[in-house]
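Structure record follows, encoded as structure tokens.
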Amino acid sequence: MKTRVLQYRFGGYSSFVEFGSEALLERFVGNRAVVVWDENTTSLLASLHELPSVTLPPGERTKSLDTVSHLLERFLEEGLERDATVMAVGGGVVCDASALAASLYMRGARLVLIPTTLLAMVDAALGGKTGVNFSGYKNLAGTFYPAEQIIIIPETLETLPQREYLSGLAEVIKSAMLGDPALFEILAARVDAVLERDREVVEELILRSVAVKGRIVEQDFTERGGREWLNLGHTFAHALESVTGFEGWTHGEAVAWGIVQALRCGEAAGITDPGYAATATELLRQYGFRCEIDTISVDALIDAMQHDKKSRAGRVRYVLQRRPGETELRELNPELIRGVLNRNLS
Ligand SMILES: NC(=O)c1ccc[n+]([C@@H]2O[C@H](COP(=O)([O-])OP(=O)(O)OC[C@H]3O[C@@H](n4cnc5c(N)ncnc54)[C@H](O)[C@@H]3O)[C@@H](O)[C@H]2O)c1
């Protein structure tokens, strides 16, 4: 990939996003740094193998305060001082937990994120949200701490299982719906190339999705108005993940299902243009995402949504779209949601 650099201002922080090949990492060799990987990413990026490292078990369970505590101990053992660098190489799990540890270590160590899943490249690594799960709540404990550098090396995706790739693709589709009609067109016109991971197309998807997220977070770093749009489909997705015990659905699959429910609820509430809802749902279907579920308790889903940790004063605000790029937050009557979900059981 041709080297490119984007710069974002998130609150008082500056984040550089660099796109390129592994050669971008040469400058870190010999630096005072610790690399954090998981067991599936340690074999990537040989140029970092000389540096001290910590290998975490893969999977969502790793996002815990125990992991953060383990990382802080390892940073201390390695004698890291405050100006040393924490380099996270992995998916959203490694990035989120390492970033939280880096934000806490001596009140803030330098942080470089090298995302290796599509989801982390287009979403988790950018924007400064760090976090771990706590007491059954996803991302309950976290900080806002943007990485100084996010280094995107698309070749690292070569070993990524297709299902994980598709999980990231759901967030790419979300980005297109939120803020990039040309990206939506590419996704609709190049389904085979996207699924076969044509290199040029994948690079275009990553660049464009990063640009959408970067733009939104620059305008609202601490999520007081605007950044919530990035949660399109997520209130439904988190409820599904919680009701199914995080089994059987990747995060992206749940998000894709959640986007469809948000479109249908928006349509039922007279907000979402029906033609747009149909087009976006069809796109998700073309990528093989499940838009209906066969067995699920609608009551349990609605209950889980009422307890979404993002609710304000117990009131849940859903991210809905009128049409491409026109997004708003609305409260919805639980009976309207119940009707939509009941109609869409397959
Ligand atoms: N901070 C944010 O703004 C933000 C945004 C979105 C999601 N997230 C978080 O991101 C997490 C999900 O991230 P994810 O989907 O990347 O999951 P993940 O980190 O669990 O990675 C998915 C799987 O792919 C493996 N893997 C990673 N890179 C690989 C590669 N190149 N080759 C082979 N295997 C590889 C991992 O070991 C893991 O088994 C969730 O915890 C979510 O809350 C955070």
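Kindly indicate whether residue 142 is within 14 Å of the ligand (Cβ to nearest atom) and either outside the structural domain of residue 245 (by TED's automatic domain parsing) or of a type outside the set (A, V, I, L, M) (or both). Answer is yes for this residue. Whenever a residue of the range 120-133 is farther than 10 Å from residue 150 by Cβ, its partners that are near the ligand (Cβ under 7 Å from one of its atoms) and among the basic types (Lys, Arg), lying with C-beta atoms within less than 7 angstrom and at least six residues away or across chains, give the pairs 132/63; 133/63.
When the range 171-201 is limited to residues that are among the β-branched types (Val, Ile, Thr) and surrounded by 21 or more Cβ atoms within 10 Å (Cβ to Cβ), the one that is nearest to the ligand (Cβ to nearest atom) turns out to be 172.
Restricting attention to the range 152-170, the residues that are within 7 Å of the ligand (Cβ to nearest atom) and out of contact with any Phe, Trp or Tyr (no Cβ under 8 Å at 6 or more places or on another chain) total 7. No other residue among 322, 312 is out of contact with any strand residue (DSSP E or B) (no Cβ under 6 Å at 6 or more places or on another chain) and either at pLDDT 90 or above or surrounded by 14 or more Cβ atoms within 10 Å (Cβ to Cβ) (or both) apart from 322. A residue that is surrounded by fewer than 20 Cβ atoms within 10 Å (Cβ to Cβ), modelled with pLDDT under 95 and under 20 Å from residue 122 (Cβ atoms) occurs nowhere in the range 26-36. Scanning the range 137-175 for residues that are assigned to a loop (DSSP other than H, G, I, E, B) and free of Cβ contacts under 8 Å to residues at least 40 places away in the same chain yields a total of 1. Looking at the range 44-60, which of its residues are without any contact (Cβ under 8 Å) to a residue 24 or more places away in the chain and within 17 Å of residue 117 (Cα to Cα)? Result: 55, 57. On the given criteria, is residue 239 assigned to a helix (DSSP H, G or I), under 21 Å from residue 176 (Cα atoms) and outside the structural domain of residue 93 (by TED's automatic domain parsing)? Considered against the rule, which asks whether it is assigned to a helix (DSSP H, G or I), under 21 Å from residue 176 (Cα atoms) and outside the structural domain of residue 93 (by TED's automatic domain parsing), residue 239 comes out as no. Taken over the range 248-265, residues that are away from the ligand (no atom under 16 Å from the Cβ) and in contact with an Asp or Glu (Cβ under 9 Å, 6 or more places away or on another chain) amount to 1.
Could you go through the range 102-114 and let me know if any residue there is closer than 30 Å to residue 284 by Cα and within 7 Å of the ligand (Cβ to nearest atom). No, there is no match, as no residue in the range 102-114 is closer than 30 Å to residue 284 by Cα and within 7 Å of the ligand (Cβ to nearest atom). Taking (1) more than 9 Å from the ligand (Cβ to nearest atom); (2) hydroxyl-bearing (Ser, Thr, Tyr); (3) in contact with a Phe, Trp or Tyr (Cβ under 7 Å, 6 or more places away or on another chain) in turn, residue 130 satisfies each apart from (1). Taking residue 61 as the residue in question, decide whether it is more than 12 Å from the ligand (Cβ to nearest atom) and of a type in the set (Lys, Arg). Spelling it out, it is not the case that residue 61 is more than 12 Å from the ligand (Cβ to nearest atom) and of a type in the set (Lys, Arg). Given the structure, is residue 207 under 26 Å from residue 292 (Cα atoms) and either assigned to a helix (DSSP H, G or I) or touching a residue at least 12 places away in the same chain (Cβ under 8 Å) (or both)? It is false that residue 207 is under 26 Å from residue 292 (Cα atoms) and either assigned to a helix (DSSP H, G or I) or touching a residue at least 12 places away in the same chain (Cβ under 8 Å) (or both). Filtering the range 62-75 to residues that are touching a residue at least 12 places away in the same chain (Cβ under 8 Å) and either among the β-branched types (Val, Ile, Thr) or part of a helix (DSSP H, G or I) (or both) leaves 62, 65, 67, 68, 70, 71, 72, 74, 75. In the range 1-58, of all residues being within 16 Å of the ligand (Cβ to nearest atom) and of a type in the set (D, E, K, R), the one that is nearest to residue 81 (Cα to Cα) corresponds to 38.
Residue by residue through the range 79-100, note down the ones that are part of a helix (DSSP H, G or I) and either over 23 Å from residue 160 (Cα atoms) or more than 9 Å from the ligand (Cβ to nearest atom) (or both). Outline the logic, then answer.
First pass over the range 79-100, keeping only residues part of a helix (DSSP H, G or I): 92-100.
Listed by number, the residues that qualify are 98, 100.
The values are calculated or read from the model by the stated rules, or taken from the named source; none is laboratory data. Not measured: the values here are computed from a predicted model. Because the Cβ atoms are built from the backbone with ideal geometry, glycine has one as well, and the counts that use them run over all protein chains shown.
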